[in-house]
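Engineer: I'd like to ask you about the structure that follows.
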Amino acid sequence: MSGRQLLDGVLVANELVHFKTKEKKECFLFKVDFEKAYDKVSWSFLRFMLLNMGFGDLWLSWMEATVFSSKISILVNSGPTKELLVERGLRLGDPLSPFLFLIVVEALPVLVKRSLDLGEFAGFNINDVCNIDILQFDDDTLMVWDGNRKSKKESLWWRDLLKLNSDNADSNAAGISKLFHWKLGKGDRIPFWFGRWLGAEPLCAAFPNIFDAVENPKAAVEELGNWTDSVWHWDIHTALILNHGVEHSEIADLEALLAGISLNSATLDKPCWPWDSCGYFSVKSCYAKLLQGQDASPIDPSYKSCLNVVWDSLIPQKVKLFGWRLLRNRLATRDQLIRRGILEGDDNCRCPLCNSAAESSEHLFLRCNWSVRIWADIWGWLGILPLRNNASTNCRSHFLSTFHALNNKVGKGREVSVWLATCWCLWNARNGIIFNNETLDIDEILFKIKMLTWWWLQIGLNRLNCNFYEWFKNPLNFL
Ligand SMILES: [Zn+2]
């Protein structure tokens with residue numbers, strides 16, 4: 001690209017960090033690493049980008065011939081296996097690949113631009129004319145945003161974290177720093193009265209009467225005493241306003257508490273995370289702390305076996321993950337989006353299929369009129385009686401009862417794929433309506449469910465020897 005140099009990105013990043021340190025501004029840097037970037041380029045997405053960037057028919061036909069028609073075979077004992085169809089990946093070493101890769105990653109700045117326009121994201125302002133949001137060089141990406149900008153939609157995780165500081169429940173980020181306890185070193189960084197360095201609460205709360213008489217409430221620990229012949233001596237009296245009438249017994253209590261504690265001029269004061277044995281913050285210890293006192297009942301065994309069946313089934317990884325999220329009620333249905341503060345009360349929270357009831361995974365997958373129709377058809381197809389579906393049925397119990405109903409007829413958890421395919425197709429239909437303005441087509445969904453299960457089992461089980469037509473007519477003959 002004319003006017004651009006190879007080092008531009010590095011220089012901008014370097015200058016940015018320098019600027020924010022010099023100006024004492026807060027900024028958030030997020031370095032993205034693409035895992036196996038070239039291998040994972042989806043051809044359908046590349047095609048989509050090429051079309052949308054206006055590449056001509058001739059060029060597209062060249063791409064079809066050179067990139068999208070590749071096949072691979074694997075060498076086993078020096079002989080090539082049957083050729084495999086590929087749907088993704090750019091060849092390393094092909095001079096064309098870097099350019100195609102750039103076209104694919106160009107989608108990210110477009111998405112960033114869109115969230116900037118929507119106000120969901122704010123880049124880092126250097127001045128009125130210069131703003132940085134994303135820096136990209138090939139597969140290296142650095143996202144930059146303003147660390148001071150308070151989002152009105154705080155994440156659930158952040159809100160939980162704030163709850164830890166229960167005596168200051170609605171404070172902001174400053175609350176978190178109060179969770180840290182200080183480990184005494186030189187004593188120059190710790191506020192004597194406000195810091196949590198001696199016991200669970202700050203000394204201003206433990207000794208309120210003495211604190212009232214203090215001349216400098218913001219004094220650091222090192223100001224409350226002195227070194228004499230390399231021995232540290234505490235001196236509370238000189239820190240107090242004269243004749244303020246503090247009980248001697250109270251001062252004696254404080255002195256007793258301080259007795260035996262000495263500063264250490266060789267080490268720095270260090271903040272310590274109190275719930276970790278080494279004093280370091282870790283998400284694990286924080287999570288354990290958050291769970292404390294909540295009813296963190298152990299996962300019940302039927303539920304656990306239910307998840308294991310999903311992991312062991314013969315379906316693509318992304319559908320397994322989808323199933324796991326569904327059974328743990330972690331899908332981003334609209335009720336969950338409200339709970340996480342992503343949608344707000346006045347946003348549309350109705351089910352996109354029927355557009356009447358509020359959307360939850362129970363409604364979307366079990367109770368919506370459209371999904372009820374789909375399940376009825378699928379059960380008819382599998383030759384089992386419709387399952388009881390009352391107000392107390394949730395996705396998990398529905399999954400288990402489908403599984404048990406089928407398990408008497410067939411074995412080895414293959415039937416799980418039918419249940420998951422049904423939910424997966426409903427979920428995709430729902431997303432199609434929301435994001436692509438598609439319309440609901442029940443027959444198409446039913447066809448997709450039957451086709452996907454046939455396809456998954458065909459790949460997962462070498463024994464499923466039937467064509468799609470036979471499968472479509474009577475799946476139980478082949479399961
Ligand atoms: Zn509905």
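Engineer: Show the residue pairs meeting these rules: Cβ distance below 6 Å; 6+ apart or different chains; first residue within the stretch 13-39 and closer than 14 Å to ASP138 by Cβ; second residue surrounded by 10 or more Cβ atoms within 10 Å (Cβ to Cβ) and modelled with pLDDT under 85.
Structural biologist: Listed pairs, sorted by first residue: PHE34/ASP139; ALA37/ASP139.
Engineer: Here's something else I'd like to know. Can you name every residue in the stretch 342-381 that is more than 15 Å from ILE442 (Cα to Cα), within 15 Å of the ligand (Cβ to nearest atom), part of a loop (DSSP other than H, G, I, E, B) and touching a residue at least 12 places away in the same chain (Cβ under 8 Å)?
Structural biologist: ASN348, CYS349, CYS351, GLU359, SER360
Engineer: Filter the stretch 425-439 down to the residues that are surrounded by 15 or more Cβ atoms within 10 Å (Cβ to Cβ) and hydrophobic (A, V, I, L, M, F, W, C), then identify the one that is farthest from ARG334 (Cα to Cα).
Structural biologist: The qualifying residue farthest from ARG334 (Cα to Cα) is CYS425.
Engineer: Does VAL12 satisfy the condition of being in contact with a Ser or Thr (Cβ under 6 Å, 6 or more places away or on another chain), within 30 Å of PHE124 (Cβ to Cβ) and outside any loop (DSSP other than H, G, I, E, B)?
Structural biologist: no
Engineer: How about the stretch 228-272: which of its residues are closer than 19 Å to PHE211 by Cα, of a type in the set (S, T, N, Q) and surrounded by 11 or more Cβ atoms within 10 Å (Cβ to Cβ)?
Structural biologist: THR238
Engineer: Moving to a separate point now. Of all residues in the stretch 327-336, which are surrounded by 15 or more Cβ atoms within 10 Å (Cβ to Cβ) and more than 16 Å from the ligand (Cβ to nearest atom)?
Structural biologist: LEU327, ASN329
Engineer: Six or more apart or on different chains, Cβ atoms under 7 Å: show the pairs whose first residue is in the stretch 437-452 and farther than 19 Å from GLU415 by Cβ and whose second is among the basic types (Lys, Arg).
Structural biologist: Final answer for the pair search is ILE442/ARG373.
Engineer: Any residue in the stretch 323-341 that's free of Cβ contacts under 8 Å to residues at least 40 places away in the same chain and in a loop (DSSP other than H, G, I, E, B): show its pairings with residues that are hydrophobic (A, V, I, L, M, F, W, C) and crowded, with 16+ Cβ neighbours inside 10 Å at Cβ separation under 7 Å, as long as the two are six or more apart or on different chains.
Structural biologist: The qualifying pairs are THR333/LEU364.
Engineer: Okay, next question. Can you name the residue in the stretch 71-83 that is surrounded by 10 or more Cβ atoms within 10 Å (Cβ to Cβ) and aliphatic (A, V, I, L, M) and is also farthest from the chain's Cα centre (by Cα) among such residues?
Structural biologist: Filtering the stretch 71-83 for residues that are surrounded by 10 or more Cβ atoms within 10 Å (Cβ to Cβ) and aliphatic (A, V, I, L, M), the one farthest from the chain's Cα centre (by Cα) comes out as ILE74.
Engineer: Right, here's the next one. Are any residues in the stretch 22-48 part of a strand (DSSP E or B) and among the acidic types (Asp, Glu), and if so, which ones?
Structural biologist: ASP33
The values are calculated or read from the model by the stated rules, or taken from the named source; none is laboratory data. All values reported here derive from a predicted model rather than from experimental measurement. We place every Cβ from the backbone using ideal geometry, glycine too, and count neighbours over all the protein chains shown.
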